[in-house]
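This report concerns only the one structure given below.
Any read-out appearing in this document is the output of simple, stated calculations on the displayed coordinates, not a laboratory observation. Note that this is a predicted model, so its numbers are computed, not measured. Neighbour counts are summed over all protein chains in view; Cβ atoms, including those assigned to glycine, are modelled from backbone coordinates with ideal geometry.
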Amino acid sequence: MFNDIGPLELLTIIVLAVLVFGPDKLPKVIQDVMRTVRKIREFSESAKQDIRAELGPEFKDFEFEDLNPKAFIRKQLDNDELGLKEIRNGFDLKKEMAEVTDAVHSRDTDSSPSSSSPASSSSGGRIDMTKKPEDPAKDERPPFDADAT
């Protein structure tokens with residue numbers, strides 16, 4: 001429930017509770033809070049049982065945790081009926097990227113060294129992929145971009 005509370009924060013809460021309620025009333029306050037939490041849990045469990053009873057026997061495997069989108073998707077992806085595990089295991093991203101890199105480099109090395117492209121001759125056979133802004137003439141206005149306005 002409180003997985004994200006660190007030890008310093010917990011100590012701060014305890015010190016504040018002692019200061020606000022005092023050492024005499026603090027055990028009674030803790031008992032009241034725990035009783036309330038227990039009642040809320042009991043109410044929640046009875047509501048879950050009532051919903052399961054109303055849904056009927058066809059929803060006997062229904063879990064309320066499945067209403068969480070992350071848990072639902074994880075459960076569906078772990079289901080082997082679709083064959084997604086085979087696809088996931090058969091796809092190696094590093095291998096695919098290495099093949100693409102090899103294809104790109106072999107295309108660069110296949111081009112003739114006497115090419116007229118200044119980018120390939122100045123960078124040792126590699127194409128310069130950096131985007132360089134074009135300088136408009138002094139009298140020329142920059143192009144109009146409807147999406148930027």
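Here the Karplus relation 6.51 cos²θ - 1.76 cosθ + 1.60, evaluated at θ = phi - 60°, turns the backbone of region 96-101 into coupling constants of 4, 5, 5, 5, 5, 4 Hz, with x for every Gly and Pro. Here the extension length gained between residue 106 and residue 140 equals 8.1 nm, from 0.36 nm per residue of separation less the Cα-Cα distance. Spin-label pair residue 29-residue 67: with each label point 7 Å from Cα along the Cα-Cβ axis, the two points sit 3.3 nm from one another.
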